[in-house]
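The values are calculated or read from the model by the stated rules, or taken from the named source; none is laboratory data. Since we're looking at a predicted model, the values are computed, not measured. Cβ sites come from the backbone with ideal geometry, for glycine too, and all protein chains shown count toward neighbours.
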Amino acid sequence: MSKRTLTTESGAPVADNQNSATAGVGGPLLVQDQQLLEKLARFNRERIPERVVHARGSAAYGYFEVTDDVTAYTSAAFLNTVGKKTETFLRFSTVADSLGGADAVRDPRGFALKFYTEEGNYDLVGNNTPVFFIKDPIKFPDFIHSQKRDPFTGKQEPDNVWDFWAHAPEATHQITWLMGDRGIPASYRHMNGYGSHTYQWTNAQGEAFFVKYHFKTNQGIRCLSGEQAAEVVGKDANSHQTDLLQAIERGVNPSWTLYVQIMPAAEAADYRFNPFDLTKVWPHSDYPLQRVGRLVLDRNPDNVFAEVEQSAFSPNNFVPGITASPDKMLQGRLFAYADAQRYRLGVNHTLLPVNAPKATTADNYGRDGVMALRNGSRHDKNYEPNSYQGPAETGLALGAPKAVSGYTGTHEAPAHTKDDDFFQAGELYRLMSEAEKERLVANIAGGLSQVTLEDVIEKNLAHFHAADADYGKRVEEAVRALRDA
Ligand code: HEM
């Protein structure tokens, strides 16, 4: 085996990587020591900004295989043939803590999936929860500030967490979900993934459908109680990373079955729930699950920084046949992600191997910027239209258009007949077994009882009372008992 020579960044051989150069034995350092200067300077620049949310995560490559014909609903090429396989990259994450945070915590989990399709990359950036805390993107920075570390104490504060929720009755459904048994998944393999938002599919005839994505884990759902989680964190703060990495290295490849709920576009206006409200589900009795395919993860990234930290998912990366719905939250996200990535990774982050298309090639007139690796050849024009056979638009619609009416303004999302902030939270509570209800109530009371302001406690209790009388009564009693203790 040939011995490799250590070189500087410019490829020159390094003579000594153990001793820095000095003026005489015991003298000061020399500026001419390129290896020392370059090594220290490069080391100082290793960190980049972490994601503002979902900073801590784990990821793997795999494939998606179509098992059922959905061509009646979408013209997306990667879904057009049963048996067709598309390469994928999936990044799981926790939400609130920073890059060094622990894995086994009570928090939603991210489920960000990139399909490298022949029509470009399709990013489905979801969570392990079918709903979310808020329904208007203008509240997102305030919500996240209240859940992340307090700027003075430097840690998450129940006062902030519950104060935000006191003013967000629409969060009651997601709080019930998060404080329940599924709030701490045992691992990334043992949880479902959801698109959460409603998306639009359009078929080859131009007919529109609204869809919700459900990735059901084939490993079975496994969760941890608060006590079990504390023990796991004490033993291995990176427990989810360890589990995913080791399972795939052993060849135990996790998989999920993708189902969709499909609503013909014409039914949206009169559905009892606003179908574009992210705090609501569509009961399966209204829109049953229809199987689409299978997602398998079978390859670990070779390098966490290059492939996981630098990966970039954007809800605005669609392919023809799949487009956004008018969900205000989703619309806000269409802007936020690529903007965050231009700051976090730079304008040319789309050229990094993990982010670039794999089954097709990006071909456009975007040029220059920091680290421009794909910048056109001497034959390529950097403007369009041109007379030199440069890439040109197709003129084909990416999806069916949606009719709109009314006046511009800061409107609340329209309420449908059965819409309020509490009904579905109550439904979820009533579905739980007695033992599940007990654990849910104890988890809520454990946090809420630590809140300083009585008014914040009262407002939150009112939300649980509004969801279900028994739910409210039990949370209230548990909170009082803990505060009187
Ligand atoms: C208006 C509401 C939201 C805003 C403004 C927002 C914004 C962001 C931003 C800026 C990032 C970091 C992106 C990056 O640096 O690469 C992020 C990450 C993420 N968000 Fe959101 N988010 C919102 C709601 C949601 C919702 C509702 C979900 C799930 C249904 C979600 C799932 C995720 C996931 C999974 C990631 C991590 C992606 C990855 O693994 O790289 N977010 N979000």
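For the range 109-122, a tally of residues being within 9 Å of the ligand (Cβ to nearest atom) and touching a Lys or Arg at 6+ places or on another chain (Cβ under 6 Å) returns 1. Of all residues in the range 324-345, those satisfying the criterion of being in contact (Cβ under 8 Å) with a residue 40 or more places away in the chain, under 25 Å from Ala397 (Cβ atoms) and out of contact with any strand residue (DSSP E or B) (no Cβ under 6 Å at 6 or more places or on another chain) are Ala324, Pro326, Asp327, Lys328, Met329, Gln331, Gly332, Arg333, Tyr337.
Please identify the pairs in which a residue from the range 433-450 that is within 12 Å of Glu476 (Cα to Cα) has its Cβ atom under 7 Å from the Cβ atom of a residue that is part of a helix (DSSP H, G or I) and basic (Lys, Arg), counting only partners at least 6 apart or on another chain. Listed by first residue and then by second, the contacts come to Val441/Arg474; Ser449/Arg483.
Listed here are the residues, each with its yes/no results for (1) under 30 Å from Ser10 (Cβ atoms); (2) within 16 Å of the ligand (Cβ to nearest atom).
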residue	(1), (2)
Leu37	yes, no
Glu65	no, no
Thr81	no, no
Gly101	no, yes
Asp107	no, yes
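Looking across the range 388-410, the residues that are loosely packed, with under 10 Cβ neighbours inside 10 Å and within 13 Å of Pro326 (Cα to Cα) come down to Ala403, Val404, Ser405. From the residues in the range 319-330 that are assigned to a helix (DSSP H, G or I) and over 16 Å from Tyr122 (Cα atoms), which one is nearest to the ligand (Cβ to nearest atom)? Top of the filtered list is Met329.
For the range 335-365, the set of residues classified as closer than 15 Å to Ala306 by Cβ and assigned to a loop (DSSP other than H, G, I, E, B) consists of Leu345, Gly346, Asn348, Leu352, Pro353, Val354, Asn355, Ala356, listed by residue number.
On the stretch given as the range 234-270, residues that are buried (at least 19 other Cβ atoms within 10 Å of the Cβ) and assigned to a loop (DSSP other than H, G, I, E, B) total 2. Only one residue in Pro151, Pro158 is in contact with a helix residue (DSSP H, G or I) (Cβ under 6 Å, 6 or more places away or on another chain), modelled with pLDDT of 95 or more and surrounded by fewer than 17 Cβ atoms within 10 Å (Cβ to Cβ). Which one? Of Pro151, Pro158, the one residue that is in contact with a helix residue (DSSP H, G or I) (Cβ under 6 Å, 6 or more places away or on another chain), modelled with pLDDT of 95 or more and surrounded by fewer than 17 Cβ atoms within 10 Å (Cβ to Cβ) is Pro158.
When Gln261, Gln228, Gln205, Gln241 are screened for being within 16 Å of the ligand (Cβ to nearest atom), over 22 Å from Tyr61 (Cα atoms) and modelled with pLDDT of 95 or more, only Gln261 passes.
Being within 31 Å of the chain's Cα centre (by Cα) and at positive phi narrows it down to one residue among Gly426, Gly395, Gly446, Gly409; which is it?
Of the residues listed, the single one that is within 31 Å of the chain's Cα centre (by Cα) and at positive phi is Gly409.
Given the structure, is Ser146 within 16 Å of the ligand (Cβ to nearest atom) and in contact with a Gly (Cβ under 6 Å, 6 or more places away or on another chain)? Here the answer is no, as Ser146 does not meet what is asked.
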